[in-house]
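Novice: Below is a structure I'd like to ask you about.
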Amino acid sequence: MCNQVRYEIGGEFEDVLNCHCSMYRKLHASAFRTRAKITSESWKTIQGEELIKFYESSPGEHKGFCSNCGSSLFTKFDEYPDILGFPLGTLDTDPKAKPTRHIYVGSKAAWHDIADNLPQQQEYE
């Protein structure tokens, strides 16, 4: 948001989905978070690496964010160090990928109705 952290992603977006869990609703202040998996090696910080800070949101999951404006950048996983969870909302360009499903729909916001025909799952499978 503040343009102090800039990055490039040189790989493919995989497993693009809409996550309705309460943690991501709160983190992103929205009904859900659209995210993709990317490889760690495909992420390249161009500017502002010193501004990227982390907090452990769940055991083994570390949310990376801009310490200046708070924008969510990616999630690192202790168990899967080669994978990052990447929220598509920070992109300035079209990722040329669309969500294929909804997860954690059992905890979705009561005020939000899912209005598409994508598969809906109670958990992450």
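The values are calculated or read from the model by the stated rules, or taken from the named source; none is laboratory data. This one's a predicted model, so the numbers in the text were calculated from it and none came from an experiment. Cβ placement follows ideal geometry from the backbone for every residue including glycine, while neighbour counts extend to all protein chains displayed.
Novice: Examine segment 14-22 for a residue that is over 23 Å from Leu118 (Cα atoms) and without any contact (Cβ under 8 Å) to a residue 40 or more places away in the chain, and state whether such a residue exists.
Specialist: no
Novice: Do we find a residue being among the β-branched types (Val, Ile, Thr), more than 29 Å from Gln121 (Cβ to Cβ) and touching a residue at least 24 places away in the same chain (Cβ under 8 Å) anywhere in segment 29-46?
Specialist: Filtering segment 29-46 for residues among the β-branched types (Val, Ile, Thr) gives 34, 38-39, 45-46.
Imposing the further condition that a residue be more than 29 Å from Gln121 (Cβ to Cβ) reduces the set to 45-46.
Within this subset, residues satisfying the condition of being touching a residue at least 24 places away in the same chain (Cβ under 8 Å) are 45-46.
Yes, the conditions are met somewhere in segment 29-46.
Novice: For segment 96-125, enumerate the residues that are among the β-branched types (Val, Ile, Thr) and part of a strand (DSSP E or B). Write out each step before concluding.
Specialist: Let us first name the residues in segment 96-125 that are among the β-branched types (Val, Ile, Thr), namely 100, 103, 105, 114.
Once the filter is applied, which keeps residues that are among the β-branched types (Val, Ile, Thr) and part of a strand (DSSP E or B), segment 96-125 yields only Ile103.
Novice: Next up: Of all the residues that make up segment 83-120, how many are among the polar types (S, T, N, Q) and either modelled with pLDDT under 95 or more than 15 Å from Cys19 (Cβ to Cβ) (or both)?
Specialist: The first filter runs over segment 83-120 and keeps only residues among the polar types (S, T, N, Q), leaving 90, 93, 100, 107, 117, 120.
From what is left, the residues that are either modelled with pLDDT under 95 or more than 15 Å from Cys19 (Cβ to Cβ) (or both) are 90, 93, 107, 117.
So the answer is 4.
Novice: Right, Gln120: exposed (fewer than 12 other Cβ atoms within 10 Å of the Cβ), in contact with a strand residue (DSSP E or B) (Cβ under 6 Å, 6 or more places away or on another chain) and not hydroxyl-bearing (Ser, Thr, Tyr) or not?
Specialist: No, not satisfied.
Novice: Select from segment 1-16 the residues that are in a loop (DSSP other than H, G, I, E, B) and modelled with pLDDT of 95 or more and write down the one among them that is nearest to Lys76 (Cα to Cα).
Specialist: Within segment 1-16, the first condition is being in a loop (DSSP other than H, G, I, E, B), and the residues that meet it are 1-5, 10-13.
Add one more test, that the residue is modelled with pLDDT of 95 or more, and what stays is 4-5, 13.
Numbers: Gln4: 20, Val5: 17, Phe13: 16 Å.
Ranking the qualifying residues of segment 1-16, first place goes to Phe13.
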